[in-house]
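Notes follow the structure.
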Amino acid sequence: MTDVNQLQLRGHLVQSYGELIKKLTRRLGSADFAYEALHETFLRLGRVTDASPVRSPADYIFRVAINVAKDRQKAQKYRVSASEIDALLDIGDDAPDPARIVEARSEIEAFKRALADLPERPREVLRSISIEGLPAQEVAERLQVSVRTVESDLKLALSHCANKLGHSLPGRRGGPRPRI
């Protein structure tokens, strides 16, 4: 059994196709967009049932076409353009390459050997200040030495490790030495 509304609406669309395209082009501002909307409308008319009769096929078809056009415009807002996809794919990989990983592991092992060569107190000073982030005053109290001794041990430890790793320490900038 065929639906009367479907036959009536599709027949009207075919008869007034040219007029509908002109009207939609004026409303949407693009002939291509009007053609796309009307073709989608033709497909949607296949879902119309005879639940209630359509009084004005022209108005009904035009309204469906406008709704199709609005749906397409909304969908285009959420689509990513080709240039945006290219930009996303062009993001550099921050992960180190295998050679860099091996180099870093080797340097860590060399640093561990340099630390092992240090006397215990300078090694503890370096660990406390550099790793734990403790202030020199607190390290001095913990080790029961003066702050000046802690500073001296830190300088010794940094200098020793830098020499073992083949690095140079930056020189001290001018001005008075800060008092802790």
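At-a-glance table
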| item | result |
| --- | --- |
| Residue identified as exposed (fewer than 12 other Cβ atoms within 10 Å of the Cβ), farther than 30 Å from Phe42 by Cα and of a type in the set (Lys, Arg) among Arg121, Arg79, Arg105 | Arg105 |
| Sole residue being touching a Leu at 6+ places or on another chain (Cβ under 6 Å), at pLDDT below 90 and part of a helix (DSSP H, G or I), chosen from Leu13, Leu9, Leu43 | Leu9 |
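The values are calculated or read from the model by the stated rules, or taken from the named source; none is laboratory data. Computed from a prediction, not measured in an experiment: that's the story for all the values here. Glycine also receives a Cβ, built like all others from the backbone with ideal geometry; neighbour counts cover every protein chain displayed.
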